[in-house]
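Data block below; observations after.
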Amino acid sequence: MKLKLPESTKNWTSLIGATIAIVTLLMIIFLLTISLLFNQGGSYIGLIIYIILPAFLIAGLILIPIGMLRKRKKLKLQGERSLLEKPLPFIDLNDPKHRNAFLIFVAGTVVFLFLSAIGSYEVFHYTESVSFCGETCHNIMIPEFTAYQNSPHARVKCVECHVGEGVDWYVRSKLSGLRQVYKTIIGDVPKPILTPIHNLRPARETCERCHWPQKFYSRSIRMERHYLRDEANSEWDINLIMKTGAKFDALGLEEGIHWHINPNIKVEYVATDYRRQEIPWVKLTDTNTGEITIFENAEEPLNVKAFDTLEVRKMDCIDCHNRPSHNYRPPEIFINSAITAGKISSELPEIKALATSVCSQEYLTTDSAMIEIRKAIEDFYTENYPEVIEEKNDLLQQAIVSVQSQFSKNIFPEMKVRWDQYPLNIGHIKSPGCFRCHDDKHVSASGKVISKDCNLCHLINSQGKPGELQKGTLSESLIFLHPGEDIEEEDWKESLCSECHEGDGP
């Protein structure tokens, strides 16, 4: 039985549109079946099922009425009397052609709306997924995705920090995403990618959903093991009590590092650079008494005219925790960790200095870095310690693989991503961090100083080589003992740690 349809449907445009829509729908059903039943396709199958193919489906459906309108216009020009007498819209259910077209339209509309509802739901969840954020733009997002997978927030979805709740921020993030997709397509992606410091949602709307201020009150013990850059890779340990909160729980946020987010005080500051590393002006407001204290860098005071052009920012979590999920560790740190974990043997002479040095070099690609790291380490021991090649080659090969592995998790030559491109504001070793404000240079009109006294944040319980540890008490701190034998007694006290330790520093 031949299906009767209106004359206006008999055109190539509508036929092509219907063909595209039907084929696309079948492809969506097929790929969806493969994805659900066999769990195949990875992150890209979602992009195809929920975004690319639906676009073709809609385009095909749009072609159908366009073709019908064009055919109707053509028939009218040819003098088709029935069209001249009956303007649109006209439906005669007694006419089999109209009835068939109407039933097809109604059934198609119901199916399309049903699939659209499911598709919209799936599109929302897909674009909110970790795989979409981290793997769709694969080459560009490798550094961020890799660091994220090795971070404390590896089980927290990207959108929970980068977007948060609410329609307004969801729409804003997707509009920003369109701009990023466009830049990716035209190849206009900066290397390295700048951290969107000035476009992030306030921490109180994201971070504080899990880490609410009242939760920060206890102190913690931090135990660190370092290895010196000498032939024996000498171990140097330091144990600290971190003053995360007050000495007693009852005091809450009245003392300690997290005093900065005490609801009874407000800390504001002005930064003169994009990355907020240069802070010449700080304002402290006691919200209980209304007392205001302004601290300015006495050595580099902020120009009054410049002040009017800069943002006065209220301090929150990300001013210190600025790399919570995308922290690229420096070689000094990740080599220490690998030796501590036994992945690199400290029996290999000078391995700490050598591994740190080769990882600090700049390479064009990750593949060339892997080759050069292996060659540099093997050549070094062949030339300086041939007995290692003969007697401890298994330890050497294990060390090389570990160095390569640690490098690939923290340094990404293709995107020019290194630790020195993304300053870490927690601590003060490889970047200024705390010392952006706590440098003894920020002074108020009344003479108050933002101190850089180490004991404000931590107490040193013990330090030194194993078996020769200096030990203190829980409530009193030892005076920091610098492990370097070639360090002048007073030199390091007069400068910031990062001035020597940044880059490939000791």
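A short reminder: the numbers here are calculations on the coordinates, not readings from a lab. Treat the numbers as computed from the prediction; the structure is a model and nothing was measured. Positions of Cβ are backbone-derived with ideal geometry, glycine not excepted, and every protein chain shown enters the neighbour counts.
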(message) Let's test the formula: R0 of 41 Å, r as the Cβ-Cβ distance of Lys266 and Ile52. What FRET efficiency results, to the nearest 0.05?
(response) 0.25
(request) Would you work out if the range 131-189 is rounded, prolate or oblate? Take a ≥ b ≥ c from the square roots of the eigenvalues of the alpha-carbon gyration tensor; rounded if a/c is under 1.5, else prolate when a/b is larger than b/c, oblate otherwise. (result) oblate
(message) Of the listed values (1) 1.00; (2) 0.94; (3) 1.37, identify the label whose number matches Cα Rg over 2.2 N^0.38 Å calculated from this model.
(response) (3)
(message) On a 30 Å Cα-Cα criterion, which of the cross-link pairs Lys266/Lys409; Lys183/Lys375; Lys243/Lys441 come out too long?
(response) Lys266/Lys409; Lys183/Lys375
(request) Count neighbours as other Cβ atoms within 10 Å of each site's Cβ, and list the GluC sites (Glu not before Pro) in the range 343-424 that are DSSP loop with at most 11 such neighbours. (result) Glu362
(request) Determine the shape class of the range 331-421: with a ≥ b ≥ c the square roots of the Cα gyration tensor eigenvalues, call it rounded for a/c under 1.5, and otherwise prolate if a/b is greater than b/c, oblate otherwise. (result) prolate
(message) If exposed means no more than 16 neighbouring beta carbons inside 10 Å and the site is in a DSSP loop, what's the longest run of the chain without any exposed chymotrypsin sites (Phe, Trp or Tyr not before Pro)?
(response) 275-479
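Rounded, prolate or oblate: which fits the range 197-266, taking a ≥ b ≥ c as square roots of the Cα gyration tensor eigenvalues, rounded meaning a/c under 1.5, else prolate when a/b beats b/c?
oblate
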(request) Quickly estimate the mean residue ellipticity at 222 nm for the chain, helices only: each DSSP H run with n ≥ 4 gives -39500 (n - 2.57), and the total goes over all residues, rounded to 500. (result) -13000 deg cm²/dmol
(request) Find out how many positive minus negative residues lie around Glu255, taking Lys and Arg as positive, Asp and Glu as negative, among other residues whose Cβ is under 9 Å from that of Glu255. (result) +1
(request) Round to the nearest 10 and give me the degree value, 0 to 90, for the angle of helix 167-185's Cα axis relative to the longest principal axis of the chain. (result) 90 degrees
(request) For Lys416, go through the lysines and keep the ones whose alpha-carbon is under 16 Å away, minus same-chain ones fewer than eight residues off. (result) Lys191
(message) Are there any GluC sites (Glu not before Pro) in the range 281-318 that are in a DSSP loop and have at most 15 other Cβ atoms within 10 Å? List them by number.
(response) Glu291, Glu299, Glu311
(message) List the GluC sites (Glu not before Pro) within the range 136-242 that DSSP assigns to loop and that have no more than 16 neighbouring Cβ atoms inside 10 Å.
(response) Glu165, Glu231
(message) If I fit a long axis through the Cα atoms of helix 96-127 and take the longest principal axis of the Cα atoms of the chain, what angle between them do I get, 0 to 90°, rounded to 10?
(response) 0 degrees
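Once you keep just the Cα pairs under 8 angstrom separated by 6 or more residues, what percentage relative contact order results for the chain?
On the way: 667 pairs, mean separation 69.0, N = 506.
Normalised by residue count, the contact order of the chain is 14 percent.
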(message) On C-alpha positions alone, give me the angle between the axis of helix 53-77 and the longest principal axis of the chain, in degrees, nearest 10.
(response) 30 degrees
(request) May I ask for the net charge around Val130, where only other residues with Cβ less than 14 Å from the Cβ of Val130 are counted and Lys, Arg are +1 while Asp, Glu are -1? (result) -2
(message) Could you compute the net charge surrounding Glu268? Neighbours are other residues with a C-beta less than 9 Å from the C-beta of Glu268; K and R count +1, D and E count -1.
(response) +4
